[in-house]
Structure formats: structure tokens, C-alpha cells
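Every read-out reported here was derived from the displayed coordinates using simple, explicitly stated rules and does not represent laboratory data. Because the structure is predicted, anything quoted here is derived from the model rather than measured. Quick reminder, even Gly has a Cβ in these numbers, built from the backbone with ideal geometry, and neighbours come from all protein chains shown.
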């Protein structure tokens, strides 16, 4: 196959592959929007001093004035944590 024929073959493949990739991207965007629109709240981690690393690893931040580990997250994701949490504010 000559370079010109090879280039034409690649162009034909891209015509088939590119729209499929675009469709996958659109589906991914729709999934991302659906995830982003899930209800969110601020949660307080109910962990002891010894368990504070669990909260840190889950993305909770320490608020010294309230003496609590807190994080904004979806209600669904809060249910999947390895430690108990308390919802302190709906968003």
C-alpha cells in the first residue's frame, strides 16, 4: 500500500472512529452532569482523635473553631463512607 493509499485508509478509519468517540464523550458529559446535579450537603465526620486519619483520607477538613472534620459531598457518597457522619447543612 502506498503512502497516499495508507493516508486515505486512515482518513476513512477516522471518519468511522471519530463520530463514535464524540458520541462516547456526549454520554460521558451527560453522566458527569447527572452526577454533578445530585443533592449535596455539608457533613461532619463522627470520628475519634485516633480515627482522624480516616476523615483526612476521605477529604474532610479540620475546622478548629468548631472542633470538627467537615466536608461538602453528595448524600449518596456520604452513605458509602467507612465511618459515620452527620449532615449539618443542606446545599
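Across region 40-90, the relative contact order, built from alpha-carbon pairs under 8 Å that are at least six residues apart, equals 57 percent. Placing pseudo-labels 7 Å out from each Cα toward the beta carbon at residue 49 and residue 89 gives an inter-label distance of 2.7 nm.
Could you estimate the translational diffusion coefficient of region 24-70 from the Stokes-Einstein equation, with Rh from the Kirkwood formula over C-alpha pairs, at 10 °C and 1.306 mPa s, in whole µm²/s?
Working: Rh = 12.8 Å.
The Stokes-Einstein estimate is 124 µm²/s.
Residues 77, 28, arranged from fewest to most other Cβ atoms within 10 angstrom of their Cβ, appear as 28, 77. State whether region 49-91 is rounded, prolate or oblate according to the following rule on the C-alpha gyration tensor (a ≥ b ≥ c being the square roots of its eigenvalues): a/c under 1.5 gives rounded; otherwise a/b larger than b/c gives prolate, and the remaining case gives oblate. Taking the square roots of the gyration eigenvalues as a ≥ b ≥ c, region 49-91 is oblate.
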